[in-house]
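Note sheet for the following structure.
The numbers here are math on the coordinates, done by the rules we state, and not lab data. Note that the structure is predicted; figures quoted are calculated from it, not measured. Quick reminder, even Gly has a Cβ in these numbers, built from the backbone with ideal geometry, and neighbours come from all protein chains shown.
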Amino acid sequence: MAWSPPLRRMFDRSIGVALDRQSWLANRIGDATWGFDMATGLMRFDDPKTGAVITTACQVLGTESAETETWLWAWANEASGIPTSLIETARALGQVGSERGVPEFSAPSLDLADVDGHTLAVVASAAHAVAGYYRAPYDGGALYVLLSGPELVEEAPPPPMIRFVTGWARVNSAVPDQLSEPRVALAAYAQHLGLETTDLTADIVEVRGRGGAARVHLDALGRTMQIEASAAP
């Protein structure tokens with residue numbers, strides 16, 4: 001995928017936070033079917049197994065088209081008549097793209113061979129106070145939205161160090177080859193959790209904070225090979 005350098009930097013700094021939120025969101029929504037009421041701006045999730053229903057607010061990011069193999073930002077989708085109130089976040093991202101030189105955010109549409117909705121949603125979800133993003137598939141494509149609301153608040157999040165160890169392992173399992181600067185991504189994720197990082201050697205980064213400490217062992221390319229963690233006494 002041909003990402004611009006600014007998007008790569010943003011992705012590195014966003015992926016840890018975004019995958020944290022996606023993990024929680026997946027547990028909360030599960031295999032629920034989705035519905036979208038554009039008039040109210042609400043997404044509805046119905047769990048076929050339990051009968052549980054979750055209705056929550058959303059912001060529309062954009063759509064992927066299987067036919068044209070392109071991404072279309074919600075702010076550029078005039079044909080769908082999306083209410084202005086539902087594309088405020090997408091518009092703000094477009095403004096960021098123009099001001100900071102991120103072509104993927106400022107161009108109305110993009111080739112999916114270059115960048116897909118997941119990549120754009122990762123950056124968007126990490127930059128805003130949301131529960132995460134959701135890819136809502138339909139015949140011929142998919143709708144991407146950011147979800148927010150008290151219905152999706154994580155009630156008892158784990159301590160920062162436990163979250164870091166599990167979260168960073170998740171990042172390296174999901175996108176090990178998509179990080180352009182793994183050390184930067186690691187430090188950004190730790191900082192988000194209120195933890196501090198120190199380079200002990202060229203291949204060991206120590207992470208400290210509430211709950212204990214961890215040592216992350218890296219290879220020559222900065223990829224994580226091992227994580228050693230210890231609880232606070």
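Residues whose amide H comes within less than 5 Å of that of residue 42, counting only those at least five positions distant or on another chain, are 37 (H built at 1.01 Å from N in the peptide plane). Computed per residue of the chain from DSSP H runs no shorter than four, each worth -39500 (n - 2.57), the mean residue ellipticity at 222 nm is -10500 deg cm²/dmol. Amide H contacts of residue 223 (H built 1.01 Å from N, in plane; Pro and chain starts excluded): no residue 5 or more places away or on another chain comes under 5 Å. If a spin label sat at a point 7 angstrom from the Cα of residue 166 along the line to its beta carbon, the backbone N atoms of region 19-54 nearer than 14 Å would be those of 19-28.
Along region 40-49 the Karplus relation, 6.51 cos²θ - 1.76 cosθ + 1.60 evaluated at θ = phi - 60°, assigns HN-Hα couplings of 9, x, 10, 9, 10, 10, 10, 7, x, 7 Hz to successive residues, with x for each Gly and Pro. A simple rule links phi to the HN-Hα coupling: the Karplus curve 6.51 cos²θ - 1.76 cosθ + 1.60 with θ = phi - 60°, which for region 77-89 gives 8, 6, 5, 7, x, 5, x, 4, 5, 9, 10, 4, 5 Hz, with x for Gly and Pro.
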